[in-house]
Amino acid sequence: MGKTTLSASSDATRQRVLRAAEQLFGAKGVENVSLREMTTLAGVNLAAVNYHFGSKDALAEAVFEALSERVNTSRLANLQAVLDAAAHQRKRPDISDILLTFLRPYLDPQVEGEGALLAQLILKHRVAPSEMTRRIVAKYFDPMAREYVDAYQLALPQIPREEFYWRYMFVAGAVLLAATDQERVNRVSSISHGAVDGANVQSTVDSLVRFLAGGMAAD
C-alpha cells in the first residue's frame, strides 16, 4: 500500500471520528458521550482516536473548530448574498433578512444537531471560558461579529455604530436562549401553559426575528 493510499485512509478515519463525535456531542452534550460510544459509531478502535486526537478534550476542540469554521463561512456567505441583493436593487438591506442569516445556523431543522452543538460551544465560553474557547471565538466569531455590525449599520444608518456592538451581544443572547429551549418540555411552553411551544422551530424563528428587528431599529 503506497503512502498516498495510507494518507487517504488515515484522513478518512479522522473524518469518521469527527462526524461521529459531532453527531453524539450535538445530541447528548460533550460530557455525556463516552469514547466507546464514539468509536462504535465511527467504526474505529480507541487507538485511532488517540492517534488522531490524543484525548477526548482535543477531539472536542477539533469538532468545535471544524464546526465554527464551517458554520461561520456559510453564515457570512448568506449575509453577503443579502447585502449584494439589496445593493443590486439600490436599497438598504432589510434588518430582518440580516438577522435571519445570523440565527439560522442555530435553528435550522435541516441540520440536525449542528445548532445544538454550536450553542454548546458558545455557552461553554460564556459560563467557563478556556484557552480553547477563547481561541476559537477570537478566530471564527469575532471577525464574523464585526461583519454583522457593518451590516446592521448599512440597514439602520440612523443608529450610532457604537450601539450596534451592544445590540449584537443582545441578539446573540436571545438567539442562544431560544436555541437551547427546544426540547419537548420547554420553558416557554411551561409558562404559557402550552399556548406557545419552543419546539416549534418556525414559530420560534418568526417571533424571534420580529422581536430582534424591533430592538435593532429602536432609537
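The values are calculated or read from the model by the stated rules, or taken from the named source; none is laboratory data. Here the structure is a predicted model, which is why all the values come from computation and not from measurement. As a convention, Cβ positions derive from the backbone with ideal geometry for all residues, glycine included, and neighbour counts pool all protein chains shown. Surface areas here come from the heavy atoms of the whole protein model, side chains and all, with no ligands, DNA or RNA. Shrake-Rupley method; radii C 1.70, N 1.55, O 1.52, S 1.80 Å.
Checking each residue in the stretch 177-199 for being assigned to a helix (DSSP H, G or I) and either out of contact with any Leu (no Cβ under 7 Å at 6 or more places or on another chain) or polar (S, T, N, Q) (or both) picks out Leu177, Arg187, Val188, Ser189, Ser190, Ile191. Could you list all residues from the stretch 141-159 that are open to solvent by 30 Å² or more (accessible area, probe 1.4 Å) and assigned to a helix (DSSP H, G or I)? Result: Asp142, Pro143, Arg146, Glu147, Asp150, Gln153, Leu154. One residue stands out among those in the stretch 39-64 that are assigned to a loop (DSSP other than H, G, I, E, B) and of a type in the set (A, V, I, L, M, F, W, C): the one that is farthest from the chain's Cα centre (by Cα), which is Val44. Residues of the stretch 41-73 that are without any contact (Cβ under 8 Å) to a residue 40 or more places away in the chain and within 12 Å of Tyr140 (Cβ to Cβ): Arg70, Thr73. Here Lys91 passes the criteria (1) part of a loop (DSSP other than H, G, I, E, B); (2) touching a Pro at 6+ places or on another chain (Cβ under 6 Å) except the one numbered (2). Take the conditions in contact (Cβ under 8 Å) with a residue 60 or more places away in the chain and within 13 Å of the chain's Cα centre (by Cα) and apply them to Leu121. Does it pass? Considered against the rule, which asks whether it is in contact (Cβ under 8 Å) with a residue 60 or more places away in the chain and within 13 Å of the chain's Cα centre (by Cα), Leu121 comes out as no.
For the stretch 85-115, enumerate the residues that are under 23 Å from Arg167 (Cβ atoms) and open to solvent by 30 Å² or more (accessible area, probe 1.4 Å). Residues satisfying the conditions are Ala85, Ala87, Lys91, Arg92, Asp94, Ser96, Asp97, Leu100, Arg104, Asp108.
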